[in-house]
Amino acid sequence: MKIIISFLLYIIYTFSPSFAQSVIKGVVLDRETKQPIHGATVYINNSSSATSTSKDGSFQLHQKIIQNQELVISNIGYEAAFETITTTNYEKVKVYLTRKITTLEEVSVIPFEKDGWAKWGKYFTESFIGTSKFAQKTKILNPDILRFRYNKSSKILTVIANEPIQIDNKELGYMISYDLITFRSNFSENTIQFEGFSYFKDYKRITKSILKQRRVAYQLSMMRFIRSLYEHKWQEDGYVVRELTKKENLERKDAQEKLKTITSLVNTKYEGKWNSFYILQSEIIKDSVTKYQNIMRQPEFYDVLGKQLTESDLEKGSLGNQLKEIHHQNYIHILNRNQKIDLDYFNSNNAYDESSRLKIDDDSSIVINYQGNYTPAIQWSMEGFFAWYSKVGNMLPLDYTIQENNK
């Protein structure tokens, strides 16, 4: 089964120490009453930089100002919000929080699952946290806040959380607070999408083993690939990137049409009784149907590799403020022979190789910067290794750099 995952995670990574430390200042207010909110958590998304609001709703956060950082504001009972921080607005941030609807059961025809965690907990954990060696040691500490709703007709699972998910990643030495905005799994399309904001807190004691594991996590990450793309270091970093096109499997398409016709005939003329169908007609034998069914197990599309690409083949141009715009009309195929892939990837996915395939939506583009940020992530689909690996259990905070391992 092919899984294409579109991640809506807003991720921004710090990579350069050249920016001066500044103070982000602002105030957090209730949208309806306009009263200050005390104790709200304020943090840079996917980082370990955080603070909280005082009694008058004000806050100050010491942080290097980097263009287009996302400042997240979270408080129990309110919808999480974010503001894009720039070099011009960081001293005058005003944020209004909206209270969450508490009667969610009343606004939906489909109720939440009564024993949602018991039924869906394992699937959610594997889809959200992951199944890598790091993810296997990562635990959701407050699963009781998660609520699950499954639509049988559309085969779509949605998950919500009324407060941040608290996550303990033992291998990478982080406590993570994750504000889940959306989790949606479409079983018909084999797609998973989740969106949210996160901040990280280091363990009090960081061992050499933890530092080593963080380096491994970074080497395999999408973060590293985007940084390498921005800096034009694919060759130096071991990436081989090629153009890829999807060629339709015509044999499978033909078998699908024939099976559809036969099944319709069986259901209408023979009341769904396959034995009667085989006995009362002689044109189509059981072996033929079995043959078509076996062909249907083949992939719908074949991957056809094309020319090797350079970073310039993806770049549409510079947008200023150290931002670049990228696009490619076809899939891109990514392989890095220098990386030692987690064996659990092959064991849990029946994967035949360690490549990744990325596709930017038609007529869309992705904006990246040297920190590893890529937005809007919803327009970028992943298959293969990156789709499997880009989960919360493998995430590093935005202030991670390789130099951290030299501590």
**Message:** Take the conditions aromatic (Phe, Trp, Tyr) and within 20 Å of residue 370 (Cβ to Cβ) and apply them to residue 96. Does it pass?
**Reply:** no
**Prompt:** Quick check: anything in segment 270-291 out of contact with any strand residue (DSSP E or B) (no Cβ under 8 Å at 6 or more places or on another chain), small (Gly, Ala, Ser) and under 30 Å from residue 247 (Cβ atoms)?
**Reply:** yes
**Message:** Taking the conditions exactly as written (aromatic (Phe, Trp, Tyr) and buried (at least 22 other Cβ atoms within 10 Å of the Cβ)), does residue 187 satisfy them or not?
**Reply:** no
**Asked** Given the residues 264, 312, 282, which is the only one that is among the small types (Gly, Ala, Ser) and more than 43 Å from the chain's Cα centre (by Cα)?
**Response** 282
**Request:** Scan 338, 321 and give me the residue that is in contact (Cβ under 8 Å) with a residue 12 or more places away in the chain, within 17 Å of residue 239 (Cα to Cα) and loosely packed, with under 13 Cβ neighbours inside 10 Å.
**Result:** 338
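Of the residues 82, 124, which single one is at pLDDT below 90 and either in contact with a strand residue (DSSP E or B) (Cβ under 9 Å, 6 or more places away or on another chain) or surrounded by 14 or more Cβ atoms within 10 Å (Cβ to Cβ) (or both)?
Values: 124 fails: at pLDDT below 90.
Going through 82, 124 in turn, the sole match is 82.
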**Message:** Just to check your reading of the model, which residue among 305, 314 is surrounded by 14 or more Cβ atoms within 10 Å (Cβ to Cβ), over 30 Å from residue 213 (Cα atoms) and aliphatic (A, V, I, L, M)?
**Reply:** 314
**Item:** Among the residues listed as 235, 298, the single one being outside any helix (DSSP H, G or I) and exposed (fewer than 13 other Cβ atoms within 10 Å of the Cβ)
**Value:** 298
**Item:** Subset of segment 133-146 that is modelled with pLDDT of 95 or more and outside any helix (DSSP H, G or I) - its residue that is farthest from residue 394 (Cα to Cα)
**Value:** 146
**Complete:** Within segment 185-209, residues being under 14 Å from residue 173 (Cα atoms) and in a strand (DSSP E or B) number 4
**Unique residue being basic (Lys, Arg) and in a strand (DSSP E or B) when the list is 258, 212, 316** = 316
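For segment 361-371, how many residues are closer than 23 Å to residue 244 by Cα and either surrounded by fewer than 20 Cβ atoms within 10 Å (Cβ to Cβ) or touching a Lys or Arg at 6+ places or on another chain (Cβ under 7 Å) (or both)?
Residues in segment 361-371 being closer than 23 Å to residue 244 by Cα and either surrounded by fewer than 20 Cβ atoms within 10 Å (Cβ to Cβ) or touching a Lys or Arg at 6+ places or on another chain (Cβ under 7 Å) (or both): 7 in total.
The values are calculated or read from the model by the stated rules, or taken from the named source; none is laboratory data. Everything numeric in this text was worked out from a predicted model, so none of it was measured. Here the Cβ is made from the backbone with ideal geometry for all residues, glycine too, and neighbour counts use every protein chain on show.
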